[in-house]
Amino acid sequence: MSKFAVKRPRLDRVAVLACATAFLGLVPPASGAPAPECLIEVHDQSGAVADNGKVCAVAPADSKFCTFNLQLCHNVGTCSADPLKKKARTTGHCNPGKLTVSSTDSSCGAFTGVKVHTKKNGKKAASCKIRAQAHAGHGQSDVDKVTLECMPSGSSCGGASPSGAFLDRPDAP
């Protein structure tokens, strides 16, 4: 018997094992299915804000910040996601922590004001990126990101229309 006759069955086994591994890598796992995009949504006064979207507002006269009136919603419309495991929360440097929704809320939490301060004592635009994340059963999770832009008073939002921002009145306490 030659050396090649002995090595050939091993080579066949390796080829079969490599093909099986490649095939199994293409099949999605049964658990950990991706959650639909409607598991968590950020809404302003006009409705849903697109994922990775921007909301722009102009600061009132003699004010150094804008207040964005936002809410979190879960399982909106014909969403087929599992119920939330716990409260959905938001993070960002403009302190959107009070912007939450829980699984016991009907579909949306309360509107909450999120303040974004301008730069250079009210003379330069500023922005804040907020991140909302929710977890549901079977490993489903959804993350939405929204950028809040606050323009100084006397300027405009530059092509983007002010989308549902609730602006503070200068005479408000």
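No value in this document is a laboratory result; all are computed from the given coordinates. None of these values were measured; they are calculated from a predicted model. Note: ideal-geometry Cβ built from the backbone for every residue, glycine included; neighbour counts use all protein chains shown.
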Evaluate the following for S63: is it within 30 Å of S156 (Cβ to Cβ), in a loop (DSSP other than H, G, I, E, B) and among the hydroxyl-bearing types (S, T, Y)?
yes
Using the structure shown, decide if S107 is over 21 Å from H93 (Cβ atoms), in contact (Cβ under 8 Å) with a residue 60 or more places away in the chain, of a type outside the set (D, E) and surrounded by fewer than 16 Cβ atoms within 10 Å (Cβ to Cβ).
no
Taking the stretch 66-92 only, how many residues are in a loop (DSSP other than H, G, I, E, B) and touching a Cys at 6+ places or on another chain (Cβ under 6 Å)?
3
Test K123 against the criterion of being more than 26 Å from V76 (Cβ to Cβ) and not polar (S, T, N, Q), and give yes or no.
yes
Is it the case, given these coordinates, that L99 is in a loop (DSSP other than H, G, I, E, B) and crowded, with 18+ Cβ neighbours inside 10 Å?
yes
Hey, can you tell me all the residues within the stretch 91-104 that are touching a strand residue (DSSP E or B) at 6+ places or on another chain (Cβ under 7 Å) and within 23 Å of K119 (Cα to Cα)?
T91, G92, H93, C94, P96, G97
Evaluate the stretch 122-133: report whether one residue or more is assigned to a loop (DSSP other than H, G, I, E, B), farther than 15 Å from C38 by Cα, of a type outside the set (A, V, I, L, M) and in contact with a Cys (Cβ under 6 Å, 6 or more places away or on another chain).
no
